[in-house]
Amino acid sequence: MSYDISDEELEEIKRRKLLEYQRRLAEEERRRQLEKELEARKRALLRRILTPKALERLYNVKLIRPDIASYVEDQLIALAQSGRISLPIDDDTLKRILVEIYSQTRRDFKIRIKEK
């Protein structure tokens with residue numbers, strides 16, 4: 001089986017591949033920029049919602065349990081925007097919120113060893 005591809009056809013294939021790669025690269029860059037902007041807005045909102053000490057605690061939680069921290073951030077922003085919580089939230093209040101969420105998401109493991 002022999003494939004005869006002319007130079008023009010080869011150049012056209014290369015050009016199409018290059019255009020596709022450039023399009024994907026530009027799309028990925030737009031997506032990253034959008035994520036960066038959303039994260040910046042989220043941080044700005046959290047700075048208004050939380051006291052500095054509570055914000056520091058939330059960032060520390062984000063290092064250990066990013067899933068819980070992200071959930072708490074989203075919930076705090078939603079509650080603050082709807083006016084259902086009093087602002088600013090201090091460290092003690094955030095601690096109580098985190099303990100409550102952690103107790104709901106924590107899984108207890110019980111290991112039983114049966115001796116034969």
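Annotations for the structure displayed:
- The residues of the stretch 11-54 that are over 17 Å from ALA69 (Cβ atoms) and in contact (Cβ under 8 Å) with a residue 24 or more places away in the chain amount to a single one, ARG48.
- Applying a threshold of 6 Å to beta carbon distances and a minimum spacing of six or more residues, or different chains, the list of pairs starting in the stretch 78-107 at a residue that is touching a residue at least 12 places away in the same chain (Cβ under 8 Å) and ending at one that is of a type in the set (D, E, K, R) reads ASP91/LYS53; ASP91/ARG57; LEU94/ARG57.
- Unique match (being more than 17 Å from GLN81 (Cα to Cα) and of a type outside the set (Lys, Arg)) among LEU38, LEU58, LEU50: LEU58
- Flag for GLN104 being more than 20 Å from the chain's Cα centre (by Cα), of a type in the set (S, T, N, Q), at negative phi and not in a loop (DSSP other than H, G, I, E, B): yes
- Top-ranked residue of the stretch 36-72 - restricted to ones that are at pLDDT 95 or above and of a type in the set (Asp, Glu), ranked as farthest from LEU98 (Cα to Cα): GLU37
The values are calculated or read from the model by the stated rules, or taken from the named source; none is laboratory data. Keep in mind that this is a model prediction, so the values were computed, not measured. Positions of Cβ are backbone-derived with ideal geometry, glycine not excepted, and every protein chain shown enters the neighbour counts.
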